[in-house]
Amino acid sequence: MVFTIGLQTGFSQNKNQEYIKGAINLEKGNTLEGIEILQNCISTGKNSDLAHLCLGKKYLKEKDFEKAKYHFYSANKANSSIASFDLARTFSLLNMPDSAVIMLEEHLNSQFKLTRPTITLNKDFSNIENTKQWRSLWEKPWYSEKETLLTEAEGLINNKSFESALVILDEYLANKKDHYAQFLRAKVFYSLQNTYNAIKDLDDAIKARPGQSDYYKTRGEIFFSE
């Protein structure tokens, strides 16, 4: 259900229409139809990176690691580093810390870089979090001062200090458009019962990163809570 929200609010006419349709079908359990649509995206070259990414996540969830790796590497070939985080998760689940850390380094050097808590609290990395490779990775200064603000905002949200988080996120977004910051602010707005601005931020985040299923999920939860 959660992917349908995007289509109901104007996304059906944009360039991501077929990819979103395929993702919706996978979400609804229409696996064969979803795969067929996403494979067609790959064949035609329309959102092939997002289609590979979506299929890779499907196979990773099913622990079909070889198929997951194939699609993640293909996504990276189409759009550099877009699937490096998911490849890191895959290698961690396979107990391959060297390969996992290499992929995380690639992710951290990319435009798709997630905040540190988003990475370190991901349960898929529990297999490698006590290794020397993991510890060595986090000895490096991966985040700028501004990026550290997002980590601070994320912590405030987790502690339900929404007003303080909003101040940080407003200031951050006044100087730089960032899909993850908009996602975090949407969560703040929703917690403060400002549904209109929450959905607006989520729409912008989805447009910037249509491959992020969490954005669709959160938007769906907000929509159906009204």
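At-a-glance table
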quantity	calculated
Accessible surface of the chain [probe 1.4 Å, protein heavy atoms]: carbon and sulfur percent	48 percent
Sequence-distant aspartates and glutamates (8 or more away, or on other chains) whose Cα lies within less than 15 Å of residue 132	98, 105
Sites residue 194 and residue 46, calculated FRET efficiency, Cβ-Cβ separation with R0 45 Å, nearest 0.05	0.80
Area of residue 184 that stays accessible when all protein chains are in place (1.4 Å probe, Å², to 10)	0 Å²
Most mobile listed residue (148, 44, 115) in the chain, GNM with C-alpha springs under 10 Å	44
Those lysines that a straight Cα-Cα span of less than 16 Å connects to residue 28, excepting residues fewer than 8 apart in one chain	57, 58, 61, 217
Sum of side-chain charges, residue 115 neighbourhood, beta-carbon under 11 Å (Lys, Arg +1; Asp, Glu -1)	-2
Residue 190 accessible area, assembled protein chains, probe 1.4 Å, Å²	90 Å²
Quotient of C-alpha Rg and 2.2 N^0.38 Å, computed over the stretch 89-202	1.18
Accessible area expressed per residue, the stretch 60-179, with surrounding protein chains retained (probe 1.4 Å, Å²)	56 Å²
Semi-axis lengths (Å, descending) of the ellipsoid that matches the C-alpha gyration tensor of the chain	26, 26, 15
Helix-only mean residue ellipticity at 222 nm for the chain, each DSSP H run of n ≥ 4 adding -39500 (n - 2.57), per residue, nearest 500	-21500 deg cm²/dmol
HN-Hα J in Hz across the stretch 79-89 - Karplus 6.51, -1.76, 1.60, θ = phi - 60°, x for Gly and Pro	8, 3, 6, 4, 10, 4, 4, 6, 5, 4, 4
Largest to smallest accessible area among 214, 64 [probe 1.4 Å]	214, 64
The stretch 87-226, relative contact order in percent, only Cα pairs under 8 angstrom and at least six apart counted	15 percent
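The values are calculated or read from the model by the stated rules, or taken from the named source; none is laboratory data. Small disclaimer: the values here were computed from a predicted structure and weren't measured. Every residue, glycine among them, receives a Cβ derived from its backbone with ideal geometry; neighbour counts consider all protein chains shown. Side chains included, ligands, DNA and RNA excluded: accessible areas come from the protein's heavy atoms. Shrake-Rupley method; radii C 1.70, N 1.55, O 1.52, S 1.80 Å.
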